[in-house]
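First the structure, in the form of structure tokens, and then the observations on it.
The values are calculated or read from the model by the stated rules, or taken from the named source; none is laboratory data. Please read all numbers here as calculations on a predicted model, not as lab measurements. Cβ sites come from the backbone with ideal geometry, for glycine too, and all protein chains shown count toward neighbours. What goes into the accessible areas is simple: the full protein's heavy atoms, side chains included, and nothing from ligands, DNA or RNA. Shrake-Rupley method; radii C 1.70, N 1.55, O 1.52, S 1.80 Å.
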Amino acid sequence: MTGHAVQMSDRVPTLPVPPEVWKIILDGYRLPVLGTHGVAHWARVLENGRRIAGPAGADVAVVELFAVFHDARRLNENHDPKHGPRGAELARTVRHLLPALTDAQLDQLCAACEHHTHELTHADATVRACFDADRLDLARVGITPDPRYLCTDAARDPVVLEWATRRGRDWVEPAYVRGVWLAG
């Protein structure tokens, strides 16, 4: 880890969930909020996902939700094989607070959360983009993302791969993480 480099985002720093859901997510998060699997990682996954969703044929709304739910219920920074299913359960629990989310989108979100650490790929384009959005941030833990383990051509694009790898390696923390996401 080389420290947190603060960087401005290309997009308006909106949360992909309503404030009441964000509060539930943060109140139940048991790890350091700025740790390896914390909100700066979620923000990079969000930005990775926004960058690859369109070209991958994915539902960007689901990919954005995945960014904040996939690690939201980790219990440790190392081996936690049940964290994805716990994140999916959290999404199901707060579904009533996400009125725009369809049943099909909830199914995609939950599948992506449940399987992101142990499945290499998935039949659904949106789930594949979720997997890749997370994998593109592996450099934060010293692992250079390997194109052979990415599911989408969009994530394997050398420009995207280099951009995401650099951001993960440098622990880029988008300015909105502290300026908006943690300001409340």
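Based on this model, can you work out whether Glu114 counts as farther than 25 Å from Arg166 by Cβ and open to solvent by 60 Å² or more (accessible area, probe 1.4 Å)?
Values: farther than 25 Å from Arg166 by Cβ: yes; open to solvent by 60 Å² or more (accessible area, probe 1.4 Å): no.
No, not satisfied.
Is it the case that Thr126 is within 27 Å of Val172 (Cα to Cα), open to solvent by less than 50 Å² (accessible area, probe 1.4 Å) and β-branched (Val, Ile, Thr)? Let's see the steps before the verdict.
Details: within 27 Å of Val172 (Cα to Cα): yes; open to solvent by less than 50 Å² (accessible area, probe 1.4 Å): yes; β-branched (Val, Ile, Thr): yes.
Criteria met by Thr126.
Quick one: which of Gly49, Gly54 is surrounded by fewer than 24 Cβ atoms within 10 Å (Cβ to Cβ), out of contact with any Lys or Arg (no Cβ under 9 Å at 6 or more places or on another chain) and assigned to a helix (DSSP H, G or I)?
Details: Gly49 fails: surrounded by fewer than 24 Cβ atoms within 10 Å (Cβ to Cβ).
On inspection, the qualifying residue turns out to be Gly54.
Could you say which residue among Asp170, Asp124 is modelled with pLDDT of 95 or more and in contact with a Gly (Cβ under 9 Å, 6 or more places away or on another chain)? Step through it out loud before you land on a result.
Values: Asp124 fails: in contact with a Gly (Cβ under 9 Å, 6 or more places away or on another chain).
Just a single option satisfies the conditions, and that option is Asp170.
Pairs only if they're at least six apart or on different chains, beta carbon under 8 angstrom, first in segment 1-29 and at pLDDT 50 or above, second open to solvent by 80 Å² or more (accessible area, probe 1.4 Å); list them, first residue then second.
Pairs found: Pro19/Gly184; Trp22/Gly184; Lys23/Gly184.
Restricting segment 166-177 to residues that are in contact (Cβ under 8 Å) with a residue 40 or more places away in the chain and part of a helix (DSSP H, G or I), which is nearest to Arg135 (Cα to Cα)?
Taking segment 166-177 as the starting set, the residues that turn out to be in contact (Cβ under 8 Å) with a residue 40 or more places away in the chain are 167-177.
Subsequent filtering for residues that are part of a helix (DSSP H, G or I) retains 167-169, 176-177.
Details: Arg167: 12, Gly168: 10, Arg169: 13, Tyr176: 22, Val177: 20 Å.
Per the stated criteria, the residue is Gly168.
Taking segment 101-113, which residues are more than 12 Å from the chain's Cα centre (by Cα) and within 14 Å of Arg128 (Cβ to Cβ)?
Applying the first criterion (more than 12 Å from the chain's Cα centre (by Cα)) to segment 101-113 yields 101-108, 110-111.
Selection gives Gln108, Ala111.
Any idea which of (1) assigned to a helix (DSSP H, G or I); (2) more than 20 Å from Thr36 (Cα to Cα) is the one Pro99 doesn't satisfy?
Result: Pro99 fails condition (1) only.
Among the residues that make up segment 68-83, is at least one of them at pLDDT 95 or above, open to solvent by less than 20 Å² (accessible area, probe 1.4 Å), assigned to a helix (DSSP H, G or I) and among the β-branched types (Val, Ile, Thr)?
So far as segment 68-83 goes, yes, one or more of its residues are at pLDDT 95 or above, open to solvent by less than 20 Å² (accessible area, probe 1.4 Å), assigned to a helix (DSSP H, G or I) and among the β-branched types (Val, Ile, Thr).
Would you please list the contacts, defined by Cβ atoms under 6 Å and residues six or more apart or on different chains, that run from a residue in segment 125-153 that is touching a residue at least 60 places away in the same chain (Cβ under 8 Å) to a residue that is among the acidic types (Asp, Glu) and open to solvent by 10 Å² or more (accessible area, probe 1.4 Å)?
Thr126/Asp59
Just to check your reading of the model, which residue among Asp153, Asp137 is open to solvent by less than 10 Å² (accessible area, probe 1.4 Å) and modelled with pLDDT of 95 or more?
Details: Asp153 fails: open to solvent by less than 10 Å² (accessible area, probe 1.4 Å).
Exactly one of Asp153, Asp137 is open to solvent by less than 10 Å² (accessible area, probe 1.4 Å) and modelled with pLDDT of 95 or more, namely Asp137.
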